[in-house]
Amino acid sequence: VRRQVDVSDLVTRARRGEPRAVARLITLVEDDSPQLQEVATQIAPASGTAQVVGLTGAPGVGKSTTTSALVKAMRGAGKKVGVLAVDPSSPFTGGALLGDRIRMQDHATDPGVFIRSMATRGHLGGLAAAAPQAVRVLEAAGCDVVLVETVGVGQSEVEVAALADTTVVMLAPGMGDAVQAAKAGILEIGDVFCVNKADREGADTTVRELRAMVSLGRSAHASDHKASADRRESAESAWRPPIVKTVASREEGIDELLEEMRKHREWMAAHDVLRERRVKRAAAEIEALVLRTVRMSLSGPHGPRLRRAAEQVVSGELDPYTAAATLN
Ligand SMILES: Nc1nc2c(ncn2[C@@H]2O[C@H](COP(=O)(O)OP(=O)(O)OP(=O)(O)O)[C@@H](O)[C@H]2O)c(=O)[nH]1
Ligand SMILES: [Mg+2]
């Protein structure tokens, strides 16, 4: 039995920026609390107030180091920053996230920074449903910017892109190269590319490869029917994702990265892309929640209904289409 919490008190305290209240609310999201809908209703008015930036790339590419350097620069500019490190691959808070905490220690005592590792344990909707809600909690706490770091490759990164206004795809020489990134489908989600560890040999080669892959991907994308079906996205093709070289461990290139993020944001605003992206995101989020409800109705205490129908289908008493229509 879960303990009932006083949601409005928690939300009031979170809006005042109390770190413990913010943490508690994100835990409610993570645990898929029955009180989550109440939380969501109360924080909805604060939605859409932050710039949401996703950082994604292969393990060890330097996402956390870059995030930390970005936080420092943004704090210098007086912004309140939220950091969400999401690990979709593991249901537990793993070692990688512990490493992040250590790297983030510079900001641990700063009241203008909220740092949170998040696993999607228990959340049936997975990352797609939990992370956007966690971002809203950080917005309610007054964050001007929310940086979302995802550990993992492939699908999870694509999901991060789905929740960010601007997605920074990171690569580093010799690891997670451009070809691999292209195969994993993460090149097309990059609004800004960051080749980190530019102090290492091969950085210029990575930049060159990336540039070639990106322009190749763009032209393929333009002829793709998915793109032509979506006119706004094709207007979006006017944005050419820049490539920034950084040495995050020495805070080099961070200002350039911030500048490209700013340009992307400006461009989105000028072309009405920001709102369109957010509408799409909200639609995906609602869809995930609806699917979750359907899935739940077929499992748990209602599981026997599905089982009974399945047995009838096997014995030929019922066809699966009629069964599905009945269970719907
Ligand atoms: N040489 C060099 N090392 C770097 C640079 N940036 C980060 N590193 C190092 O690379 C290692 C991994 O960095 P992280 O920031 O933890 O990478 P990450 O992408 O967050 O890793 P995961 O969260 O485990 O996927 C650390 O030892 C960093 O100190 C860089 O620009 N140059
Ligand atoms: Mg990390």
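Filtered by the rule that a residue be assigned to a loop (DSSP other than H, G, I, E, B) and within 10 Å of Val169 (Cβ to Cβ), segment 185-196 gives Ile186, Leu187, Glu188, Ile189, Gly190, Asp191. Looking only at residues in segment 63-76 that are surrounded by 24 or more Cβ atoms within 10 Å (Cβ to Cβ) and within 8 Å of ligand 2 (Cβ to nearest atom), the one that is modelled with the lowest pLDDT is Lys63. Considering every residue within segment 247-261, establish whether at least one is modelled with pLDDT of 85 or more, over 30 Å from Gly76 (Cβ atoms) and of a type in the set (Ser, Thr, Tyr). No - not one qualifying residue is present in segment 247-261.
The values are calculated or read from the model by the stated rules, or taken from the named source; none is laboratory data. Keep in mind the model is a prediction, meaning the values are calculated, not measured. Virtual Cβ from ideal backbone geometry, glycine too; neighbours counted across all protein chains shown.
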